[in-house]
Amino acid sequence: MEKEKVDIFEDEPVEQKKKDKESKKEHKEITRLESEIKVLSEENEKLLNDNTDLNNKYLLSLAETKNYKKRMDDEMDRFYKYSTFNLCKDLIQILDSFDLALEKDAESKEMTAYLNGFKLTRNQIYSILEKEGVKEIEALGKEFNPNEMVSISHMEDRTKKEQEVLRVFMKGYMYKDRVLRPANVIINLYQENAPENKEE
């Protein structure tokens, strides 16, 4: 009878050992899984950070591309808008020659016919220039505008306003919103405001 009791007591520790062994095994498995989860979480966080960095770089690159395209479009617009600037600048010198010829008085019918032809040609050239955006700067009788005019001399006329343009020495022209050539003018300047001519 005592032997049977001993057997019962001996079985309990074996069962407990088995349970402890399984518990340790489960604990190891849990620890291993927790370790894997930690590694995976770290990798996931790294991937998320990399993804954020790549997304930011993509957005920056996209913005730079848009800005570059906008700059190129603006440059192309400016190029087309002002593409005939230099040609128009050369053509207004031909207008100067015609204007100089037309200042002469006709001495005969033949001369009158020539001058009429010059006037017609001059007006045709000016009409073409107008289509390109060229416009003569109205200066005579206007107040001096340093953005569109250059004062080459001054006179005094008390019947006119001060700074008024008394004479246009050379016509000026605008090209769209730019000055193609400033008008060279003589302005009205009262003596007390005139610059002193100092001898060197």
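Scanning segment 110-149 for residues that are exposed (fewer than 14 other Cβ atoms within 10 Å of the Cβ) and among the hydrophobic types (A, V, I, L, M, F, W, C) gives Met111, Ala113, Leu120, Ile128, Leu140.
I'd like to check something: does segment 129-146 contain any residue that is assigned by TED's automatic domain parsing to the domain that holds Glu164, touching a residue at least 12 places away in the same chain (Cβ under 8 Å) and assigned to a helix (DSSP H, G or I)? Checked segment 129-146: at least one residue is assigned by TED's automatic domain parsing to the domain that holds Glu164, touching a residue at least 12 places away in the same chain (Cβ under 8 Å) and assigned to a helix (DSSP H, G or I).
Annotation note: of Leu91, Leu102, the sole residue that is at pLDDT 90 or above, assigned by TED's automatic domain parsing to the domain that holds Asn123, touching a helix residue (DSSP H, G or I) at 6+ places or on another chain (Cβ under 8 Å) and among the aliphatic types (A, V, I, L, M) is Leu91.
What is the residue count in segment 91-113 for residues that are outside any helix (DSSP H, G or I) and not small (Gly, Ala, Ser)? Adding up the residues that qualify gives 4.
Looking at segment 151-191 only, could you name the residues that are farther than 22 Å from Glu130 by Cα and in contact (Cβ under 8 Å) with a residue 40 or more places away in the chain? Across segment 151-191, the qualifying residues are His154, Val185, Ile187.
Every test in (1) of a type outside the set (Lys, Arg); (2) assigned to a helix (DSSP H, G or I); (3) under 13 Å from Met170 (Cβ atoms) is passed by Gly117 save one, and that test is (3). Taking segment 145-163 as the range and being in contact with a Leu (Cβ under 9 Å, 6 or more places away or on another chain) and under 26 Å from Tyr126 (Cβ atoms) as the test, only Ser151 passes.
Among the residues of segment 149-160, none qualifies, meaning not one is aliphatic (A, V, I, L, M), touching a Cys at 6+ places or on another chain (Cβ under 7 Å) and at pLDDT 90 or above.
Restricted to segment 160-185, and to residues there that are in a loop (DSSP other than H, G, I, E, B) and closer than 14 Å to Leu95 by Cα, the residue that is farthest from the chain's Cα centre (by Cα) is Lys171. A single entry from Glu75, Glu103, Glu107 fulfils the requirement of being exposed (fewer than 10 other Cβ atoms within 10 Å of the Cβ) and within 30 Å of Ile137 (Cβ to Cβ): Glu103.
The values are calculated or read from the model by the stated rules, or taken from the named source; none is laboratory data. Not measured: the values here are computed from a predicted model. Note that each Cβ is placed from the backbone with ideal geometry, even for glycine, and that neighbours are counted across all protein chains shown.
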